[in-house]
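The values are calculated or read from the model by the stated rules, or taken from the named source; none is laboratory data. What you are looking at is a predicted structure, and each value in this text was computed from that prediction instead of being measured. Here the Cβ is made from the backbone with ideal geometry for all residues, glycine too, and neighbour counts use every protein chain on show.
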Amino acid sequence: MPLISRLKATGRKVVGLGTEGTIANTLIQNCDEYIYYGSDGLRLQAKTLLDKTPVINALRKILGSRDCSLPALAEQLTRQLPDFSPAAYGNHDLEDFLRSIAPFVKLVPTGDGLRVQWVASRKAVGRQPSAQALEDYLRATRWFILDSATRDRLGDVPVVFLQVGLSDAVKRVGLGVGRPLLLGNVRSRIKALLDERTPVYESVATHVVDTDGRSADEVAATIRELIET
C-alpha cells in the first residue's frame, strides 16, 4: 500500500493484477484499475469511486482563510463530512487524498509536520471554469463521460469531440497492449466501444472534429479555429 501511495503521489496510474479472492479489498480500492485473471481469462474489476466535489468544497471552506495542520484538518473535515473516508475515493489516507487533488491544495512540510494550504480559486470548482481549471478539475474529481451527471456538468463549457473511424482507431492502438478495455479481439472491442460511446460523445459535443488521416497539427488548428470563432 505505501508503494501505491508513492506512485500516485508522482501522478502515475496504478493498475493491479491478481487472482480473485486472494487480494485484500483495500488494495484493490487503492488501485486506479484492478484486473482479475483466471481460467476464464482476464476481466476488469469495475470500481465505483465517489465524486470528490463535496470534499473539495468542504476543504475550501476550511482552508479558505488560513492553512491548517494535517491532524487539525482531519478533525474539521470529519465534523463537516462525518462519512468521509479516503478509501471510498481510492486513496490510502487523508494525505494521499490531498495529493490526488493537488490542483486545489498544497502540502507544505514544516518542523511540526505537514500543513495544508488552499491554492485554487473559486472558479476551479464552479460551474464556469477556465480551460486549465476544467482540466485540473476533471483530473481531480474523476469525471467520467458515461455518467449522466458528468454530461450535465459539461453543459456550460465548450466540448470538442475528436471523432475517429474504426480503421484509423485500429491502426493507432496496434495490439492494444496496456489497454485493459481492449483485451481480447482488439478490432471487435474497438468497434463495440465506438458503437457504445460515439452517441454519448456527440450528445455533449459543441464541435465534432474528424481526425481520420489527419496530423495532430492539422487537428489542433481546426480546434483552435472552432473555439476562437
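Worth pointing out:
- With respect to the conditions (1) in contact with a Leu (Cβ under 8 Å, 6 or more places away or on another chain); (2) surrounded by 17 or more Cβ atoms within 10 Å (Cβ to Cβ); (3) at pLDDT 90 or above, Ser69 lacks only one, and its number is (2).
- Any hit, the range 112-123, residues being crowded, with 18+ Cβ neighbours inside 10 Å, farther than 24 Å from Asp67 by Cβ and either at pLDDT below 75 or touching a helix residue (DSSP H, G or I) at 6+ places or on another chain (Cβ under 9 Å) (or both): no
- Each residue in the range 189-229 was checked for being in contact with a Phe, Trp or Tyr (Cβ under 9 Å, 6 or more places away or on another chain) and under 18 Å from Pro158 (Cβ atoms), and 8 pass.
- Filtered by the rule that a residue be crowded, with 18+ Cβ neighbours inside 10 Å and modelled with pLDDT of 90 or more, the range 75-94 gives Leu77, Leu94.
- The set of residues in the range 155-170 being modelled with pLDDT under 85 and touching a Ser or Thr at 6+ places or on another chain (Cβ under 9 Å) consists of Val157, Pro158.
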